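Comments concern the structure below.
We did not get these values from a lab; they are worked out from the coordinates using the rules stated. Note that the coordinates shown come from a computational prediction; the quantities given were computed from them, not determined experimentally. Methodologically, a virtual Cβ is constructed for each residue, glycine included, from the backbone with ideal geometry; neighbour enumeration extends over all protein chains shown.
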Amino acid sequence: MTTLIIHHWDTDGITSASLVALVLDYLGESWKNITPPIGRFEFDERIWKEIDRATDVFVVDLNVPELVERIDRKVTFIDHHIQPKIEKPNVEHINPIIEGKSEKDYPSASWVVSDHFSVWSYLSTLGAIGDVGRRVFDWSRKAMVLLAEFGLRKEDAMKLVSLLDSNYIVMDREGVEDAVQTILSSEPKELLENKRWLKNMSIIEREIWRALNNVENAGRFTKIEFSSDFNIISKVVRKAVWVMGYDVVLAVNRGFGGNGQIYLRIKPELAEDVNVPAIIKMLKLRGFNAGGKKDVLGLICPRERIDEALGIIEGML
Ligand SMILES: [Mn+2]
């Protein structure tokens, strides 16, 4: 008789799972939490086995409606991504965004969980910071009030988000899963001193600067090539644009397991000059798993196809 909570690996996923667990603890029900293999929006053998053992399942902050539909248990699916509404008798689908509510009112899955169960805490705010950053403080006074109730400053909360995210950045799936219980059994101030997470952070910091040693100017843009098992590419590029001041940065991680990653970021002022959405469209047409917005592009592909993807991007820059 156990409830399984399947959650995203980032701060919003972890805090959403903790908030659900808090409700289950209150009801005296046992629970277990699990996250997919980091970086992959899929359920592996381990997850399907746990589903078989569970009496009911929560899926939180994971945009996987097609997988939720395959679960043959009672499912509560709580999310804030744009997705089709699931109409199945065993599925309770809670997603205010697809009901037409705004991102400002529901900035994260943690916010949706808190709203649904009326269980609010600093964890609600952490999830929101994880997904939308400091903007949440402009959108909601409650975000700040919740922190204050737990004696936390804005800066403490930002730090906690980095600490929680450090688990997935170093690709530590178990670390992500353990974090859900860790935050329930510690005071927020203690979490700021968590040794495992602080160690992750220093390893990540070193790895980012190692990557930034390989900056080279290639005409219109700056290129950074490196090889790392860690999921740091977006942080490397952000540092290059926001801290080092480069206008257009194209980074390539050739050693991300058997895969390669590409990440492009341009200064927002240049969004008129460089048509990033057109590049994303072209990459998708050529069968690449690419995504992004006006000023960023991210792509992951088998290592052998990296140069092909780079050719397309560089040709359009
Ligand atoms: Mn989220």
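Values as computed for the structure displayed
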| item | result |
| --- | --- |
| Cβ-based net charge around Gly175, under 13 Å, with every Lys or Arg adding one and every Asp or Glu removing one | -2 |
| Label-to-label distance, nm, for residues given as Asn275 and Ser234 (7 Å Cα→Cβ offset) | 2.6 nm |
| 15 Å tail of the calculated P(r), segment 213-316, as % of Cα pairs | 58 percent |
| Set of aspartates and glutamates near Lys159 by C-alpha distance (under 15 Å), chain-local residues within fewer than 8 positions excluded | Asp10, Asp12, Asp131, Glu187, Glu190, Glu193, Glu205 |
| Residue-by-residue Karplus 3J(HN,Hα) for segment 182-195, coefficients 6.51, -1.76, 1.60, Hz, glycine and proline x | 4, 6, 6, 9, 10, 6, x, 5, 5, 4, 5, 10, 4, 4 |
| Extension gain from Glu155 to Ser185, taking 0.36 nm per residue of separation minus the Cα-Cα distance | 8.6 nm |
| Local electrostatic count, Glu29, Cβ distance below 15 Å [Lys/Arg +1, Asp/Glu -1] | +2 |
| Qualifying lysines (Cα of each under 25 Å from Cα of Lys154; at least 8 residues distant if same chain) | Lys104, Lys142, Lys189, Lys195, Lys199, Lys235, Lys239 |
| Percentage relative contact order, the chain, counting C-alpha pairs under 8 Å, at least six apart | 12 percent |
| DSSP beta bridge pairing in the chain, given as percent antiparallel to the nearest 5 | 50 percent |
| Theoretical ellipticity at 222 nm over the chain - DSSP helices of four or more residues, -39500 (n - 2.57) apiece, nearest 500 | -13000 deg cm²/dmol |
| Estimated D of the chain in µm² per second, where Rh is the Kirkwood radius over Cα pairs and Stokes-Einstein applies at 10 °C, 1.306 mPa s | 77 µm²/s |
| Stretch gain in nm, segment Leu198-Asp178, where the contour uses 0.36 nm per residue and the Cα spacing is subtracted | 5.7 nm |
| Burial order of peptide ranges 64-73, 41-50 (average beta-carbon count within 10 Å, highest first) | 64-73, 41-50 |
